[in-house]
Amino acid sequence: MEERLISFTLYGQEFSFYSDVPDDEVQEAVSILRQELGEPERCGPTATVPSSTLLVLACLRIAARHVSLQRDFDRFYAERKKYKGRNELMLGLIERVTTALDT
């Protein structure tokens, strides 16, 4: 995919950059950023917020969510791994019973 100019407005400030990311992914990322920042519906002309502060805050919130999801996944994976042997044993037994019943 070819790089193109992507622009969006956040807290009354326009941000532009070049990217080859598909439009739907860009829109989803911008939506997540707006959700994380709690962007109000409208910003008046006097609304000035340091964009660097907002972006760092959004990054920290997204990173915290990532850490939480990674921990949840690691717990889930460890739990699944613990029962993997039992699941394979059960599947083997089911297959043997099914084969025996089919003959």
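The values are calculated or read from the model by the stated rules, or taken from the named source; none is laboratory data. The structure presented is a predicted model; accordingly, all values stated were derived computationally and were not measured. Cβ coordinates were reconstructed from backbone atoms using ideal geometry, including for glycine residues, and neighbour counts include every protein chain displayed. These accessible areas exclude ligands, DNA and RNA; they are computed on the full protein's heavy atoms, side chains included. Shrake-Rupley method; radii C 1.70, N 1.55, O 1.52, S 1.80 Å.
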Q: Please list, ordered by first then second residue, the pairs with beta carbon atoms under 8 Å, 6 or more apart or interchain, first in the stretch 5-28 and touching a residue at least 24 places away in the same chain (Cβ under 8 Å) and in a strand (DSSP E or B), second surrounded by 11 or more Cβ atoms within 10 Å (Cβ to Cβ) and not hydrophobic (A, V, I, L, M, F, W, C).
A: Leu10/Arg34; Leu10/Glu39; Leu10/Ser51; Gln13/Ser51; Phe15/Thr9; Phe15/Ser51
Q: Could you tell me whether Asp102 is closer than 30 Å to Leu37 by Cα and among the charged types (D, E, K, R)?
A: no
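Would you call Tyr77 part of a helix (DSSP H, G or I), open to solvent by less than 100 Å² (accessible area, probe 1.4 Å) and among the aromatic types (Phe, Trp, Tyr)?
So Tyr77 does not fit the description; no.
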Q) Can you name the condition, by its number, that Val97 falls short on among (1) modelled with pLDDT of 90 or more; (2) within 29 Å of Arg4 (Cβ to Cβ)? A) (2)
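Conditions (1) modelled with pLDDT of 85 or more; (2) loosely packed, with under 10 Cβ neighbours inside 10 Å; (3) touching a Ser or Thr at 6+ places or on another chain (Cβ under 9 Å), marked per residue:
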| residue | (1), (2), (3) |
| --- | --- |
| Glu3 | yes, no, yes |
| Ser31 | yes, no, no |
| Glu41 | no, yes, no |
| Pro50 | no, no, no |
| Leu55 | no, no, no |
| Ile62 | yes, no, no |
| Phe73 | yes, no, no |
| Glu88 | no, no, no |
